[in-house]
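Taking it in order: structure first as structure tokens, then the write-up.
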Amino acid sequence: MNEHTEKYVKHLQGIVQIPTVSSVNDLHTDWSQFDKLHQFLQEAYPLIFEKLEWTTIGKASLLFHWKSAHPKKMPVLFMAHQDVVPAIHEDQWRHPPFSAAIDDGCIWGRGSEDCKSVLTSEMDAITELLEDGFEPDFDIYLSFGHNEEVQCVDEKKGSVLAPKYLQEKGVKLGCIFDEGGYVEEKGFHGNPTPVALIGLAEKAPNEYVLYKDGAGGHASKPGKGTVLGDVARAMAAVEANPMPYRLTPLVKAHLKALAPSQDKKVAKIYAHPKKHWDELVKLAKQDRELDAKLHTTFAITMAEASAQANVLPSHAEATMSVRILQGDTVESVKKYLESIMPCGVQVKATFAEDPKPAGSVESKEYALLTETIKEVFGDDTQIVPNLMLGASDSRNYSSVCDNVFRFSARLKTEQWGEAHQVDERMPVEHLDVPVKFFKRFLKKYNKGSEE
Ligand SMILES: [Zn+2]
């Protein structure tokens, strides 16, 4: 381990050991852990706290601002979140989840992957640039949310408050980096070339309820049926009538980029998806991931009606998780659902959010990103723009930035443990890679190229 990596390890271990678990109810969050984390960051990264302006946003989000002496272009912002999900089933872990033990070449612990290693790599990169006397001709921001892992109202969400704060100051950003994509060490189908996945958009997470009210009454006199039966028919209608497939520009670019690594038959379809539309549809029907990229999806996840078996329900409802694809809106999806509802079942959106526009593979920032990836990970790296199916904090920044890159520049190897799972862990060996990457990107962004 060289001297740099030793430092990265110490930093990551230090913050993994602080259990910054967020919860839906603020009152259940132990805020003293966030205070501890901030204290740790001050001690680990004194130069950042000394040279950058910083402020707390909302309850515990942090926003740092490196002001350029001669700003000539749009700022760059780096994101990560400070909070983690709980570590239940502690006894199943090989090492206690907040021990940050080093074993088998990895740091073990909740948050090591999601997403504290992103946070430390960004802080380490900025610190080293400060040490080097780097003079950017653009401003740099660091924005670390405190409640990414939980659903909460906008007034409390760090990732809503921070871009709002920037917007009020008239800040418009050139590009943003956040968690999401990484570089897969081994390519698809045993291909030895690495693959860089860059999230350029995500689907909008929504909740809709299908419901019907009725008279209720005694279960001995049901008549023709109950409102629960009608809601069940509505659920069946939803599953029988998925929204039609269509190709967004991002998904088209995604498939094109994947084509060279597929077998011959699939490669042909991916390279020209419109020409081979029927075959693409066939593939998508057997592939959940591809299916989700081609339309807004409905997942019926919860239902409720009467509280007792012998009471007719006076209200029945089914809740759906709806992931809206760019091109649809909360309203257009509601209209679609209403058009297929049987038996007078009604539809309402209970958690509503339109999808944010996708970033473009044509921007100069994207070109700079792909250039840097090839320099750091090798010229043969396959670069794949991606539509993320899950949601992240960064989608809320689209009001202040057109190029939101969900890309952490980490090298994903077989050693990685899964985020949110038992035995989450991060290999030590490649902790230097994102630091190197971010420094290089910023130097290239500066004055066109400085390398
Ligand atoms: Zn995360």
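A few comments on the model shown:
- Matching residues in the stretch 134-170 - criterion: being touching a Pro at 6+ places or on another chain (Cβ under 8 Å) and among the charged types (D, E, K, R): D137, D139
- Strands (runs of 3 or more DSSP E) fully within the stretch 340-430 counting 2 or more residues that are over 30 Å from A299 (Cα atoms): 382-388, 404-412, 425-427
- Each residue in the stretch 65-96 was checked for being more than 16 Å from the ligand (Cβ to nearest atom) and either within 17 Å of H38 (Cβ to Cβ) or of a type outside the set (D, E) (or both), and 20 pass.
- Residues that are farther than 17 Å from H430 by Cβ and part of a strand (DSSP E or B) within the stretch 81-120 comprise H81, V84, listed in sequence order.
- Candidates in the stretch 419-450 are the residues that are in contact (Cβ under 8 Å) with a residue 12 or more places away in the chain and among the acidic types (D, E); of these, the one that is surrounded by the most Cβ atoms within 10 Å (Cβ to Cβ) is E424.
- Test: residue in the stretch 296-305 that is assigned by TED's automatic domain parsing to the domain that holds S220, surrounded by fewer than 17 Cβ atoms within 10 Å (Cβ to Cβ), of a type outside the set (F, W, Y) and not in a strand (DSSP E or B): no
- Matching residues, the stretch 197-222, being closer than 24 Å to R323 by Cβ and not charged (D, E, K, R): L197, I198, G199, L200, A201, A204, P205, N206, Y208, V209, L210, Y211
- Residues in the stretch 137-148 that are touching a strand residue (DSSP E or B) at 6+ places or on another chain (Cβ under 7 Å) and part of a loop (DSSP other than H, G, I, E, B): 3 in all.
Condition check ((1) out of contact with any strand residue (DSSP E or B) (no Cβ under 9 Å at 6 or more places or on another chain); (2) outside any helix (DSSP H, G or I)) across all residues:
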{"residue": "L247", "(1), (2)": "yes, yes"}
{"residue": "K252", "(1), (2)": "yes, no"}
{"residue": "E279", "(1), (2)": "yes, no"}
{"residue": "L283", "(1), (2)": "yes, no"}
{"residue": "L290", "(1), (2)": "yes, no"}
{"residue": "K293", "(1), (2)": "no, no"}
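- Test: P342 is touching a helix residue (DSSP H, G or I) at 6+ places or on another chain (Cβ under 9 Å) and surrounded by 20 or more Cβ atoms within 10 Å (Cβ to Cβ): no
Okay, residues lined up against (1) within 16 Å of the ligand (Cβ to nearest atom); (2) under 16 Å from G180 (Cβ atoms):
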residue	(1), (2)
A391	yes, yes
C401	no, yes
F407	yes, yes
A419	yes, yes
V422	no, no
L431	no, no
N446	no, no
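- Taking the stretch 67-92 as the range and being surrounded by fewer than 22 Cβ atoms within 10 Å (Cβ to Cβ) and not charged (D, E, K, R) as the test, the residues that pass are S68, A69, H70, P71, M74, V85, P86, A87, I88, H89, Q92.
- Residues in the stretch 210-227 that are hydroxyl-bearing (S, T, Y) and exposed (fewer than 10 other Cβ atoms within 10 Å of the Cβ): S220 alone.
- Residue match in the stretch 14-35 (condition: surrounded by 17 or more Cβ atoms within 10 Å (Cβ to Cβ), in the same structural domain as D154 (by TED's automatic domain parsing), touching a helix residue (DSSP H, G or I) at 6+ places or on another chain (Cβ under 7 Å) and polar (S, T, N, Q)): yes
The values are calculated or read from the model by the stated rules, or taken from the named source; none is laboratory data. All values derive from a computational prediction rather than experimental measurement. Note that we place each Cβ from the backbone using ideal geometry, even for glycine, and neighbour counts take in every protein chain shown.
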